[in-house]
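Presented below is the structure to which this report refers.
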Amino acid sequence: MSEGDGIMPRLYEYQGKKLFRAGGIPVPEGRVATTPQEAQEVAQSIGFPVAIKAQVLAGKRGKAGAIKFAEDADEVYHIASNLLGKSIRGMEITRLLVEKKLNIKKELYLAITADPSSRQPVAIFSAVGGMDIEEMAAQDPGAIIKKKIDILRGFRDYDGLNLVRKAGDLSGAEKLSLAALAAKLYRLYRQYDCKLAEINPLVLTDEGFVAADARVDIDDDAVSRQTGLELEAMEDAGERPPTPLEIAAGKIDAFDHRGSAHFVQLDPGAQYAREMGLVPIGFDCVGTGASLAVMDELVPLGYYPINFCDTSGNPTASKLYRVTKIIFSQPEIQGYVFVSCVSSQQLDNTARGIIKALKELYPATGGKPNIPVVLAFRGAWDDVAQRLFEDHGIAQSPLVKILGREATEKDAAEAFDRLYRAWQGGDKVEG
Amino acid sequence: MKDNLLQFEVFSGGKVCIDLEKCKGCVSKVCIEACTGTGKPEAFELREGLPALRVDPAALKKGGCVECLACELDCQLYGNKGLTIVLPMPELDHYLEAAATKPVYMR
């Protein structure tokens, strides 16, 4: 892949279609444009009418006005000028996919994704396409057909035929074509270590089936394997592009699999926290279950973790060092909470990473922070972890509270609340 | 390698640097004791009164150094502050350079 900037594990439509084309899945003729003039040139080269589609990682682009149709070059210029530079759900439109408008006879849905309950890939088909699978499931659950896939046996054309055979208003030849397409989509899913390979809508035209849209999500843990895609290692941020801090955090686990450090900004800019009247704080937990439990205790007290972070699986101290610096680099935070679950990982290493980060962030005070900090170490080597903070003089700060294995999630949240209130009362340490 | 500098790279990207001049004035040589990531000496041994590598730097770069950071932190507390570990984060550096609002630790 060469178009565009760094490629994220969730691909844009034009990037997904490039993989589809290479995998033998028909896609409309088209190219990417970044200026109105370029959009006109692409449209003229492929012929009118054309579809002009904003390339953003948001669903329901049609409803959001991000997909338009044009009959001539002037209309292309007008639409492209209107779209470029605008934002869809906070995402700026910098690229347009200009492609031949399809003469659609029927819209269908086809996807391969992972089924966490059976730990298998699953093929999903519906003779009704064009809307979210969740909406489809709510409106007409019977319209969705699923087939779990044995990863060792694979997915053959006849498996595809079993999947689509109940689509009553398709001819036998169309079903055969659809079955072959499903098998190709599965091969693509496996080849690129996908979490999701989705065609919605898959449209029937006079020329056969064509993927009118493409959603391809690569498993972010497989980034190091997918060297051909030139993927940027970064955290999966869902329905938005990753932030610069998430991109920085994504590098931590990119090729170093000694434990993990997953960091996602739940509320970049802390806008939600402010709207809700909550105090934005930085946050790290060992274990996602503990994260949820601690968040449940913090929010009623008036504090909102604007990031999620899970440093578990016995990460190296260097991972903790790096991710702690990233958490503290969120400008809006007014405190920091770290809580481990009752973990078997070496919490002394965890502590060393945090201590090195604090000492570098606060050199003038030897690591004593200028915001309230609570650290709860519960598990293996938790006594060493606590002692390290004493030894390095950080625990002696009035803004720092170190807790041990006797502390509950509620204790940690309440300890933070006390520190924060004292800090707001003027007990501020200059950093 | 400079005569007075002992250094090796670590797996995650970064470098452990020991200023042997400072080590000459260190009584504790605590880095040797601290480097026990798996319960036994790992990277360092004492040779002619100074820290030396007991394994090939290439092996340390492959993960032989478990990056526990104990050598650096203990050196700061009990040694002569001769050991530093540099763990670069270029993406974070770029973010901070461009950030309109500085983080709380810079204020």
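A short reminder: the numbers here are calculations on the coordinates, not readings from a lab. Model, not experiment: these values are computed from the prediction. Ideal geometry is used to build each Cβ from the backbone, glycine not excepted, and the neighbour counts take in all protein chains shown.
For A:Ala364 and A:Ala173 in the same chain, what is the full-extension length gain: residue separation times 0.36 nm, less their Cα-Cα distance, in nm?
Details: separation 191, 0.36 × 191 = 68.76 nm, distance 7.47 nm.
Value of the extension gain: 61.3 nm.
Given the Cα-Cα distance of B:His94 and B:Glu45 and 0.36 nm per residue of separation, how much length would full extension add, in nm?
13.9 nm
Report the relative contact order of the range A:244-424, percent, no decimals, based on alpha-carbon pairs under 8 angstrom and at least 6 residues apart.
On the way: 382 pairs, mean separation 37.9, N = 181.
This gives 21 percent for the range A:244-424.
Sort out for me the Cα centre separation of the range A:144-173 from the range A:329-402, rounded to whole Å.
Cα centroid of the range A:144-173 versus Cα centroid of the range A:329-402: 54 Å apart.
Cα convex hull of the range A:244-424: how many Å³ per residue? Please report the intermediate quantities before stating the final value.
Numbers: hull volume 17.4 nm³, N = 181.
Measuring per residue, one finds 96 Å³ for the Cα hull of the range A:244-424.
Grab the DSSP H runs of chain A that are 4 residues or longer, score each as -39,500 (n - 2.57), total them, divide by all residues and round the 222 nm result to the nearest 500 deg cm²/dmol.
Helices in chain A give a 222 nm mean residue ellipticity of -10000 deg cm²/dmol.
Mind listing the phi-derived Karplus ³J(HN,Hα) values for the range A:101-115, rounded to whole Hz, using 6.51, -1.76 and 1.60 with θ = phi - 60°, and x for any glycine or proline?
6, 8, 8, 8, 9, 7, 10, 10, 10, 9, 8, 10, 9, 9, 9
Take the Cα of A:Leu301, step 7 Å along the line toward its Cβ, and report every residue of the range A:334-354 whose backbone nitrogen sits under 17 Å from that point.
Only A:334-341 fall inside the zone, counting backbone N under 17 Å.
May I ask for the net charge around A:Thr324, where only other residues with Cβ less than 12 Å from the Cβ of A:Thr324 are counted and Lys, Arg are +1 while Asp, Glu are -1?
Numbers: positive: A:Lys319, A:Arg322, A:Lys325, A:Arg352, A:Lys356, A:Lys359; negative: A:Asp284, A:Glu360.
The answer is +4.
With angles folded into 0 to 90 degrees, how steeply does helix A:288-298 sit against the dominant principal axis of chain A? Use alpha carbons for both and round to 10.
Helix A:288-298 sits at roughly 60 degrees to that axis.
For Cα pairs less than 8 Å apart in space and 6+ apart in sequence, what is the mean separation divided by the residue count of chain A, i.e. the relative contact order in percent?
Rounded, it is 12 percent for chain A.
Could you tell me how far the Cα centroid of the range A:30-95 sits from the Cα centroid of the range A:286-327, in Å?
What the calculation gives is 40 Å, centre to centre.
I want to check the label-to-label distance for A:Ala395 and A:Arg89. Put each point 7 Å from Cα in the C-beta direction and report it in nm to one decimal.
Here the answer is 4.6 nm between the modelled labels.
Only residues of the range A:309-345 count here: report those whose backbone N is under 18 Å from the spot 7 Å along Cα→Cβ of A:Arg240, or say none.
Counting only backbone N, you get A:309, A:327-334.
Averaged across A:381-394, how many Cβ atoms of other chains sit within 10 Å of each residue's Cβ atom?
Mean partner shielding for this stretch: 1.
In a shell of Cβ-Cβ distance under 11 Å around A:Tyr189, excluding A:Tyr189 itself, what net charge do Lys and Arg (+1) and Asp and Glu (-1) give? Kindly include the intermediate steps, with their values, before the conclusion.
Numbers: positive: A:Lys184, A:Arg187, A:Arg190, A:Lys195; negative: A:Asp193, A:Glu198, A:Asp217, A:Asp219.
Result for the neighbourhood of A:Tyr189: 0.
Can you give the angle from 0 to 90° between the axis of helix A:347-361 and the longest principal axis of chain A, with both taken from C-alpha atoms, to the nearest 10?
90 degrees
Given +1 on the Cβ of Lys and Arg, -1 on the Cβ of Asp and Glu, and no further charges, what dipole in debye does chain B carry about its Cα centre, rounded to the nearest 20?
Working: 13 positive and 15 negative charges, 28 e Å.
That gives a dipole near 140 debye.
Shape of the range A:290-394 from its Cα gyration tensor (a ≥ b ≥ c, root eigenvalues): rounded if a/c is under 1.5, otherwise prolate when a/b > b/c, or oblate? If you can, show how the numbers build up before the last one.
On the way: a/c = 1.56, a/b = 1.07, b/c = 1.46.
Oblate.
Based only on Cα atoms, what mean projected area does the convex hull of the protein assembly as shown have, in nm²? Intermediate values should be presented prior to the final figure.
Details: hull surface 115.1 nm².
Taking the Cα atoms of the protein assembly as shown, their convex hull projects to 28.8 nm² on average.
For the pair A:Arg421/A:Leu292, report the inter-label distance in nm, with labels modelled 7 Å from Cα in the Cβ direction.
Simple spin-label model gives 2.9 nm for this pair.
For helix A:172-191, what angle does its Cα long axis make with the longest principal axis of chain A, in degrees from 0 to 90 and rounded to 10?
30 degrees
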